[in-house]
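Okay, so here's the structure we're looking at.
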Amino acid sequence: MQTDQRFPVGIIGSGAMGSGIAQVAAMAGHDVIVLDSNPAALEKSKQQLGATLLKLQEKGKLADAQAVINRLSFATDNNAFASCGLVIEAIVENLEIKKKVFAGLEDVVSASCILASNTSSLSIASIASACKRPERVLGIHFFNPAPLMALVEVIPAVQTEAGLPEQVKALMLQWGKAPVIAKDTPGFIVNRVARPFYGEALRVYEEGIAGMATIDWAMTTLSGFKMGPFILMDYIGHDVNYVVTETVFQSFFYDPRYKPSFSQKRLLEAGWLGRKSGRGFYNYAEGATQPEPVQDEVAGRKIAERILFMLINEAVDALQWQIASAADIELAMTKGVNYPKGLLQWCDELGADYVLAGLDALYDTYREDRYRASALLRKVGIERIKLIA
C-alpha cells in the first residue's frame, strides 16, 4: 500500500461509526464507497454526512464541503470495492458475521487491497483466518465519534505482513489521527487499561463504601477526569460498556481483574441502558431528582486513589506484556479516553512504591487475585518506570 496515494477507500457499515470513518477518509482526500445492505440506512448516512460537512463549512472548519461530498458514494453490493486500496469493516461486534464478510471481500478486491476491522475487542487473528490472504488483514480501531476522536489503534494479527502496521500508521497520520500500534490481545490498549475505571468504581459502589454520585465527584473534582465512571457508563450505554467488559473477561480466561458487575448487568437486563433509554445509573427523565455527592475530601481521595491504583497497575501490566510501547500506552489513554495525564506519568508522580503499597493493602484486605500488583511495578520501581516511559 502506498500511503502517499489517494486510493479509493471502502467502508462496510453505514452506522455512526462507519459514517464517521467515511467522513475522515473523504476529508483526507480519498474517494470513499460506503456499503450497507440496508438502503434506508445508506440514505440516512448520506443525508447526515452531507448535513455535517455543510455545517463544518459554515463554521469555517472546511473549505469546500461539496468537494468532499462528491468524493462519497454509497452501494449495496461488494463489487463497488473492486478498485479500493483499503476496506474498513465497521459492523456489529459478532465474530462469525465479520468472518463471513471478510471471506466474501476477497472475491472482489484486488490482491493489493488492505482489509481492516474496526472491532474494539475481537481477535484480529480470528477475523484474518477467514481470508485466503490473511497477511493483508489487521485492525484499525477508531473511537466514537471518529471525526472528533484523535486516537486510532492499529492492531496487527499474527498473520499480518511485516511492515504493514507501520504503513497504516503513516496513513492514519496523513488522515490527521494519532495512531498507536497494539498487540492483538483482548481490549487492545484502551479497552483493556480502562476497565478498572468502571470495574473498581462499581466494586466500591456495590460494597456500599460510597454512592455513585460521590464516586463520580471524587474522580472528576479531586482527580481531574472529565466524566465520572457512572456518568460515563450511562453515556456510553450499558449495552456497549457491559458487553465489552464481559468480552474482555471471557477473553482473558476469566481473570478476576476484569470481572463484570451484577449491578451493571441488571441495568442491561432491565433495558436501562443509560442516556439513550432515559434511565441508567442516573434517571434522565425531565424533572428527575439526581443524588447529591457526599463531598468528604478525605474519603473522596481514598476512593479516587483506589481506582487510580488499579488503572496504573493495568497500564504497567500492559507495558510488561509488551501490548504496546510506553509512549503509545500514554498516548492511547490521553487521546482515546481523555485521561488528564498518562497513567505511567501518574505513577511517576505518585511514586511506584506508593502505588505498590496501595495495591498490596487492597490485596491484604480482600485476598483476591484481582488486586495483584504487576510484576513490573514490583520489580523495577520508579526510576525504571521513568526510563521506560
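Any read-out appearing in this document is the output of simple, stated calculations on the displayed coordinates, not a laboratory observation. Small disclaimer: the values here were computed from a predicted structure and weren't measured. Every residue, glycine as well, gets a Cβ built from its backbone with ideal geometry; the counts of neighbours run over all protein chains shown.
Where does each of V240, V248 land when they are ranked from fewest to most other beta-carbon atoms within 10 angstrom?
Numbers: V240 17, V248 23.
In increasing order of surrounding Cβ atoms, one gets V240, V248.
Apply the Debye scattering formula to the chain, with a single equal point scatterer on each alpha-carbon and no solvent, then give log10 I(q)/I(0) at q = 0.10 Å⁻¹.
-0.70
Any idea what the relative contact order of the chain is, in percent, if you count C-alpha pairs under 8 Å spaced at least 6 apart?
Numbers: 682 pairs, mean separation 48.4, N = 389.
Relative contact order for the chain comes out at 12 percent.
So for the stretch 178-284, averaging the separation of alpha carbon pairs under 8 Å that are six or more residues apart and normalising by length, what relative contact order in percent results?
Working: 113 pairs, mean separation 27.8, N = 107.
Here the relative contact order equals 26 percent.
Ranking H141, H30 by Cβ neighbours within 10 Å, fewest first, what do you get? Walk me through the intermediate numbers first.
Numbers: H141 27, H30 24.
Starting with the residue having the fewest Cβ neighbours, the order is H30, H141.
Which percent, nearest 5, of DSSP beta bridges in the chain are antiparallel?
Numbers: 7 of 30 bridges.
Around 25 percent antiparallel, to the nearest 5.
Could you bin all the Cα-Cα distances of the stretch 9-181 into 5 Å bins starting at 0 and give me the percent of pairs in each, rounded to whole numbers?
Calculated over all Cα pairs of the stretch 9-181, the distribution is 1, 9, 19, 23, 22, 15, 7, 3, 1, 0 percent.
Let me make sure I get this right: for the stretch 252-388, a, b and c are the square roots of the gyration tensor eigenvalues over alpha carbons, sorted descending. Under 1.5 in a/c it's rounded, otherwise prolate if a/b > b/c, else oblate. Which is it?
Working: a/c = 1.82, a/b = 1.78, b/c = 1.02.
Prolate, because a/c is 1.5 or more and a/b exceeds b/c.
For the stretch 100-120 and the stretch 252-295, what is the separation of their Cα centres, given in Å?
Measuring centre to centre over Cα atoms gives 36 Å.
With the Cα gyration tensor of the stretch 233-298 giving a ≥ b ≥ c as the square roots of its eigenvalues, does the rule (a/c under 1.5 for rounded; else a/b larger than b/c for prolate; else oblate) give rounded, prolate or oblate?
Values: a/c = 3.11, a/b = 1.48, b/c = 2.11.
Cα axes put the stretch 233-298 in the oblate bin.
Which residues make up the longest stretch of the chain that has no GluC sites (Glu not before Pro) in a DSSP loop with at most 11 other Cβ atoms within 10 Å?
On the way: sites that count: E207, E286.
Longest gap between qualifying sites, sites excluded: 1-206.
May I ask you to compute the full-extension gain from D64 to A51, defined as 0.36 nm times their residue separation minus their alpha-carbon distance, rounded to one decimal in nm?
On the way: separation 13, 0.36 × 13 = 4.68 nm, distance 1.30 nm.
Extra length available between D64 and A51 comes to 3.4 nm.
Under 14 Å Cα to Cα from K55, which aspartates and glutamates show up? Leave out anything in the same chain fewer than 8 places away.
D64
Excluding same-chain residues fewer than 8 positions from K379, which aspartates and glutamates have a Cα within less than 20 Å of its Cα?
E314, D317, D348, E349, D353, D360, D364, D369
Please tell me the relative contact order of the stretch 192-388 in percent, rounded to the nearest whole number, where contacts are Cα pairs under 8 Å and at least six residues apart. Numbers along the way, then the final one.
On the way: 251 pairs, mean separation 45.9, N = 197.
RCO, the stretch 192-388: 23 percent.
Do any of K183/K265; K177/K341; K46/K99; K226/K276; K132/K335; K99/K335 go past 25 Å between their Cα atoms, and which?
Working: K183/K265 29 Å; K177/K341 19 Å; K46/K99 27 Å; K226/K276 20 Å; K132/K335 35 Å; K99/K335 30 Å.
The pairs that break the limit, which is 25 Å between Cα atoms, are K183/K265; K46/K99; K132/K335; K99/K335.
Run the quick spin-label model on A103 and V243: label points 7 Å from Cα toward the beta carbon, then report their separation in nm to one decimal.
The answer from the label model is 2.2 nm.
Taking DSSP loops as anything outside H, G, I, E and B, show the longest stretch in the chain free of trypsin sites (Lys or Arg not before Pro) there with at most 14 other beta carbons within 10 Å.
Numbers: sites that count: R6, K59, K61, K132, K226, K341, R367.
Answer from the scan: 227-340.
Is the shape of the stretch 198-252 best called rounded, prolate or oblate, per the rule: a/c under 1.5 gives rounded, else a/b larger than b/c gives prolate, else oblate, with a ≥ b ≥ c the square roots of the Cα gyration tensor eigenvalues? Mind showing how you got there, number by number?
Values: a/c = 2.19, a/b = 1.59, b/c = 1.38.
The shape class here is prolate.
Can you sort C347, C131, C113 so the residue with the fewest Cβ neighbours within 10 Å comes first? It would help to have the intermediate numbers written out before the result.
Details: C347 25, C131 17, C113 22.
Lowest to highest Cβ neighbour count: C131, C113, C347.
In nm, give the distance between the simple-model label positions of S73 and D364, each being 7 Å from the Cα along the Cα-to-Cβ direction.
It works out to 6.8 nm between the two label points.
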